[in-house]
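Take a look at the structure below.
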Amino acid sequence: MAGAAHCSLQAKRLLLDPKFEGYKLSLEPLACYQLGLDAAVAEVQLRDDQYTLDHMRAFGMYNYLHLDSWYQDNVYYVDQFGRVMNLSVTLDTALQKPREVFRLPTDLTACDNRLCASMHFSSSTWVTLSDGTGRLYLIKSGKRGSSASEKWEIVFNEELGSPFIIAHSVSFVKSDAHSLAVLLLRVEKDELDRKGSGFHVTLEWVTIAERKEGHHTYEIIKRRVLQGKSVPHYAAVEPSGDGLMIVSHKPFTFIQSESDKLEENDDAEVPNEKKDPLYYWQQTEDDVTITVPLPQDITKDDIKIHFSPDNICVTLKDQPPLIEGKLCSSVDHEGCTWIIREDKSLEISLIKKNEGSRWPELIIGDTRGEFIMDSSQCSEIAESLMHLTSEVMNPNPEKENPPCNAQELEECDAFLEDGASLCRFDGDTLKVTHVINLGSNQYLFSVVVNPREMPCFCLRHDVDALLWQPHSDQPENMWEHIATFNALGYVQASKQDKKFMACAPDYSYAALCECLRRVFIYRQPTPLATVLYNRKEGRQVGQVAKQLVATLEANDPILGFQATSERLFVLTTKTLFLIKVNSGN
């Protein structure tokens, strides 16, 4: 990930509530409707050779219910006869039976090593569909949710190797040609992995485009494969098809084809030779000094240096800039100077605008320089860290704050996977351009708020759950904090039997379901109609957040779970439940 910009997620303070008091259990009844299915859901059980945690996460915990975010309250599932069934809701009290919109041409039961059928709604009129045997279908659906205009027509289908599930897809226009990008997820046997699980995870990024002849036929124009050692929590292609974002516990890297490797070997004559730093830099509390070795024939007239408050550009003769980029922090550009030393080196002095701040790097994302620390700075840092080290467990037992004891942590504060990261890959260079170390910000779920944008992802921040909207077209605001579910990070951790989590696209509530029967709903705080006092603090309470619990009349495990602004959809093997959460406007 050399050269990638290391970023951080900036939470909006106005969306946080430090005085949140918790959820009050509400006994208000929830309207719950159920529809018996004509045929059971096409559930695929894990085989004996699919025994790893990655198999369970990718296929065993698969959400068999698919929400069409382009049309309100429109859900789909595939039954055991290979039929794609749709339920479109307009009035809860007048529900129609799910209707067939498409039938897979292949016999699903004939393939022994198949996975579950999967689908994704790429746009308001395009659908990508997999039968679980390794075949991908590209379907033009017309306007969905209406039997009059909805007609699913196959425009492309091709065998793409071993079985996969569709993780995400987008529809876009590039070079005046309609294209679709699809992400295919596989868990494959890894013969070289003798110490781990024996499997690796691949994400295949397939781009399909309309042929230029104009006969409305489509062909694959690109196939790129990323490989990692854990199933990604989140993987989505940018709406323009130019990039890819992945949240995963272990990193993913692109696998090069043989032709790419040959080209790279031709370009890099001595790949293992360590290069000398392009420049050296030092810093004090007030300034930064950069030293650049110069070629023998360079004179003062050949050097051009441009200073600005946040950037620097150094050019020798008429060559491309030697050093260029955004500085780690602002400088007083009018006070910056440069000279040529006797040893034929260029010395640049930058005056820090924020005195006393320590810069972690000189130019953001530039790894070609080397930082040199003097002995006084080394001893100063060592002294500041001295209190963190000791030869005994608690050198000062009289102190008010004893050292942290892991046994005092609550069970829901422990994360199985510390060190997850969010990476953005460029579609042209196939390299990571941005990376965020999520640390203990546990991934919770994803939701589509606006189908024309990338899916949002929800992360735990302390006790809260924060919803983040990626903006691939806004480099300065690539991940925006758009909503907060107070204390949900803490609450969900106590639900050991939880299977799926979701939230309403309008953020009015979050919900989670267990493997069997129970559904928990957490509403956002709402103003009270009556006066309520907090007797402990002697003050009036203006609003309250409610928790609701619904128990389904079903003995079958929950296979699918989706949330809309008005209702929850819960799918079991033979029944589809609708829980009315909010009344329509």
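Each residue was assigned an accessible area with a 1.4 Å probe, and for E159 the value is about 90 Å². For A40 and D497, a Förster radius of 22 Å and the Cβ-Cβ distance give a FRET efficiency of 0.45, rounded to the nearest 0.05.
At a probe radius of 1.4 angstrom, the accessible area of the chain per residue rounds to 54 square angstrom. So how much slack lies between A31 and D107, counting 0.36 nm per residue of separation and subtracting their Cα-Cα distance, in nm? Residue separation times 0.36 nm, minus the Cα-Cα distance, leaves 23.5 nm. Would you mind getting me the FRET efficiency between K143 and L516? Use the beta-carbon distance for r and R0 = 56 Å, nearest 0.05. So the FRET efficiency works out to roughly 0.90. Think of it as helices only: each DSSP H run of n ≥ 4 in the chain is worth -39500 (n - 2.57), and spread over all residues that comes to -1500 deg cm²/dmol at 222 nm.
Seen against the Cα atoms of the chain and their longest principal axis, helix 375-385 is set at about 40 degrees.
Projecting the Cα atoms of A545, Y234, L160 onto the charge dipole of the chain, computed from C-beta unit charges around the Cα centre, puts A545 farthest toward the positive end.
Take the Cα of N311, go 7 Å toward its beta carbon, and the backbone nitrogen atoms of the range 333-360 under 19 Å from that spot belong to 333-337, 350-351, 353. Of all the accessible heavy-atom surface of the range 137-192, with the other protein chains kept in place and a 1.4 Å probe, what percent is carbon and sulfur? Accessible surface attributable to carbon and sulfur in the range 137-192 totals 48 percent.
C515 sits with roughly 60 Å² accessible to a 1.4 Å probe, with DNA, RNA and ligands left out of the calculation. Against the empirical 2.2 N^0.38 Å (N residues), the chain has a Cα radius of gyration ratio of 1.15. Each Lys and Arg contributes +1 and each Asp and Glu -1, all at the Cβ; summed about the Cα centre of the chain, the dipole is approximately 2740 debye. Per-residue packing, averaged as other Cβ atoms within 10 Å, sorts the ranges 446-458, 561-573, 7-19 into the order 561-573, 446-458, 7-19, beginning with the highest.
Taking all protein chains together and a 1.4 Å probe, the residues W152, W70, W468 rank W70, W152, W468 from largest to smallest accessible area. Around the amide H of K499, modelled in the peptide plane, lie the amide H atoms of C513, E514, C515, all under 5 Å away and 5 or more residues distant in sequence or on another chain. Counting only protein heavy atoms and using a 1.4 Å probe, the accessible area of F425 comes to about 10 Å². The mean sequence distance of close C-alpha pairs (under 8 Å, at least 6 residues apart), as a share of the length of the chain, puts its relative contact order at 14 percent.
Stretching D301 away from R368 to a fully extended chain increases their span by 21.6 nm, per 0.36 nm per residue minus the current alpha-carbon distance.
In this Cβ point-charge picture (+1 for Lys and Arg, -1 for Asp and Glu), the range 279-367 has a dipole of about 100 debye about its Cα centre. When the Cα convex hull of the range 279-367 is projected onto planes of every orientation, the mean area is 5.6 nm².
The stretch between L528 and R13, if pulled fully straight at 0.36 nm per residue, gains 183.0 nm over its current Cα-Cα span. Just the protein heavy atoms count here, and of the accessible area of the range 279-367 at 1.4 Å, carbon and sulfur take up 46 percent. Using R0 = 35 Å, the C-beta based FRET efficiency linking K580 and L430 works out to 0.15.
The values are calculated or read from the model by the stated rules, or taken from the named source; none is laboratory data. What you see is a predicted model, and the numbers here were worked out from it, not measured in a lab. Note that each Cβ is placed from the backbone with ideal geometry, even for glycine, and that neighbours are counted across all protein chains shown. The protein model used for the area step is the full one, side chains on, heavy atoms only, and it has no ligands, DNA or RNA in it. Shrake-Rupley method; radii C 1.70, N 1.55, O 1.52, S 1.80 Å.
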